[in-house]
1. Looking at the range 78-99, which of the residues that are part of a loop (DSSP other than H, G, I, E, B) and small (Gly, Ala, Ser) is farthest from Ser185 (Cα to Cα)?
2. Checking Ile259 against (1) at pLDDT 90 or above; (2) within 19 Å of the chain's Cα centre (by Cα), which single condition isn't satisfied?
3. Return the only residue of Ser274, Ser294 being outside any loop (DSSP other than H, G, I, E, B) and not assigned by TED's automatic domain parsing to the domain that holds Ile101.
4. Filtering the range 105-156 down to residues that are over 16 Å from Ser274 (Cα atoms) and of a type in the set (Val, Ile, Thr), which residue is surrounded by the most Cβ atoms within 10 Å (Cβ to Cβ)?
5. Could you look through the range 74-104, keep only residues that are basic (Lys, Arg) and more than 17 Å from Ile337 (Cα to Cα), and pick out the one that is surrounded by the fewest Cβ atoms within 10 Å (Cβ to Cβ)?
6. With respect to the numbered conditions (1) surrounded by fewer than 13 Cβ atoms within 10 Å (Cβ to Cβ); (2) modelled with pLDDT of 90 or more; (3) closer than 13 Å to Ser160 by Cβ, which one is the sole condition not fulfilled by Leu238?
7. Within the range 209-217, is even one residue in a helix (DSSP H, G or I) and of a type in the set (Asp, Glu)?
8. Filter the range 308-319 for residues that are under 18 Å from Leu276 (Cβ atoms) and assigned to a loop (DSSP other than H, G, I, E, B) and give the result.
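The values are calculated or read from the model by the stated rules, or taken from the named source; none is laboratory data. All figures in this text were calculated on a predicted structure; none of them were measured in a lab. All Cβ positions, even for glycine, are placed from backbone atoms using ideal geometry, and neighbour counts span all protein chains on display.
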Amino acid sequence: MATLCPIPQPPTFPFLGNITLVDLEVPLRSFFLLAEQYGEVYHLVLGGSEIVLHANFISIARQVSNDALYRKSFSRSLREGRLLAGDGLFTVDSDEPNWEIAHRILMPAFSEVRSMFPEMRDICSQMLLKWERFGTQLTFDPSDDYTRLTFDALALCSMSYRFNSFYERDMPDFTRRMSDFLTMSSRSGYRPAFAKLIPMYYKKEDQKNFKDAQHMTEVARKTIKQRREQPTEKPDLLNLMLEGKDPKTGAQLTEENIIFNLLTFLIAGHETTSGLLTFTTYYLLKNSACLQKSREELDEKLGPAEPTVDDLGKLLYLTAVLHELLRLWPTVPARSIVPKQDVELVGGDGDPSNPNKQTICDQEGPDYLPAHRYCASRPTCLGRRRRSLPS
C-alpha cells in the first residue's frame with residue numbers, strides 16, 4: 001500500500017512565514033533550491049497565504065494539469081497586475097463573462113499569426129542594423145534590445161503602433177514604466193500579511209505603480225481614439241476588438257476591456273519572448289559547438305536571401321535549441337491553480353499502482369494541508385520530448 005505523507009515545510013518565522021527564504025530578485029532560484037532540499041512537493045507560507053510548490057518533476061506536473069480536478073487561481077502578484085490589465089485575457093478569471101467573449105472574438109486572429117511576419121521582420125531588421133553599426137569593438141548587453149525588439153513588434157502587430165525604440169538612446173517611457181510595473185507587482189506579491197496594517201510603509205511604491213498604470217492606460221486609450229478617427233482596413237488585433245462581435249452572443253468588447261487586452265498583449269508577450277532570446281543567446285555563447293551548428297543551419301537553409309515565414313519550418317536545429325532553452329529556463333516558469341476538492345498527489349513516478357511510491361495527501365485534517373493554492377513551478381513537460389543541446 002502507498003503511504004500517505006504530510007507535505008514538508010521549511011521552518012517559518014513569526015509574521016513572515018517563509019518569505020525570508022525567497023530571493024525577491026530571482027524567486028525561481030529559491031524555489032529550485034528548496035526543491036532540492038525538501039523534495040518534489042513542499043509547503044510554504046508567503047505573504048500570509050499558504051501555498052504548495054512543486055518543482056522540476058514531470059509526474060507531479062502531469063497530475064495537477066487536470067482541468068477536471070484543478071482550476072485557475074490568481075497569485076498575489078497576478079492580482080496586482082489587474083491594476084493595469086483588469087479583466088484582460090491574462091488576468092481575467094475563467095468565470096468572468098469577458099473571458100469567453102474576448103476569447104471567441106480574438107481566436108481567429110491568433111490563427112493568422114503567420115500574416116504578421118513582415119512586421120516582425122521589419123523590427124528585427126532595425127535591431128540587426130543597430131548591432132551591425134556597433135562594429136566589433138563595442139561590448140553591449142543584448143537583453144535591453146531584445147526588450148525593444150519584442151515590445152515594438154507586439155505593438156506593431158497588435159495595433160499598428162510604432163514605439164520606434166531603436167531610434168532612441170534610452171528605453172521609451174512606456175516600456176520603462178511597464179518594466180517597473182511588472183517588477184513591482186511581482187515583489188508586492190511577497191509582502192508579509194501584516195503589511196496591510198501599515199500601508200504607509202509601501203505608499204511610495206504603490207503610488208508609483210498607480211501612476212505608471214495610469215500613464216500606460218492613457219496611451220492605450222489615445223491609440224484607440226486615433227484608430228477610430230483614422231480607421232484602417234488592416235486586420236490587426238485592435239481592429240478585430242473594435243469591430244468584432246462574439247459569434248455566440250453578438251456582444252462586442254467595451255472600450256475598457258479593449259484597453260485591458262491591448263496592455264495584456266504587450267505585458268504577456270514582450271517579456272516572455274525577450275527572456276527566451278536572452279537565455280538562448282547566453283547558452284549559445286557558452287556552447288560554441290551549438291552556436292556554430294546554428295550558424296551553419298542558417299547559412300544552408302536561408303543563405304543570403306531575406307527570410308520568409310515558410311523558412312522557419314526548415315530550421316530544425318534552431319527550433320530544438322529554443323525548445324531546450326524552454327526546458328532549462330522556461331520564460332513562463334509558474335502557474336497558479338487551486339484544487340476543486342481534496343486530492344492526493346502521487347510521488348515518485350506518479351503511478352498510483354506502484355506500492356513503493358508515496359502518496360502526498362491534500363486533505364482536511366491536523367497533519368495535512370487544506371485545499372489551498374498550488375503553484376506549478378518549472379513545468380519540465382515543456383521540454384521532455386525535445387532534442388537536448390549536445391554537451
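1. Looking only at the range 78-99, we keep the residues that are part of a loop (DSSP other than H, G, I, E, B), and these are 86-96.
Still in the running and small (Gly, Ala, Ser): 86, 88, 94.
Details: Gly86: 14, Gly88: 16, Ser94: 21 Å.
Across the range 78-99, the extreme among qualifying residues is Ser94.
2. Result: Ile259 passes all but (2).
3. Result: Ser294 is the single residue among Ser274, Ser294 that is outside any loop (DSSP other than H, G, I, E, B) and not assigned by TED's automatic domain parsing to the domain that holds Ile101.
4. So the residue we want is Ile105.
5. Initial filter on the range 74-104 (basic (Lys, Arg)): 76, 79, 82, 104.
Narrowing further to those that are more than 17 Å from Ile337 (Cα to Cα): 82, 104.
Details: Arg82: 18, Arg104: 16.
Ranking the candidates gives Arg104 first.
6. (1)
7. Taking the range 209-217 first, the residues in a helix (DSSP H, G or I) are 209-217.
Keeping just the survivors that are of a type in the set (Asp, Glu) gives 212.
Yes.
8. The initial filter retains those residues of the range 308-319 that are under 18 Å from Leu276 (Cβ atoms), namely 312, 315-319.
Answer for the range 308-319, where residues must be under 18 Å from Leu276 (Cβ atoms) and assigned to a loop (DSSP other than H, G, I, E, B): just Leu315.
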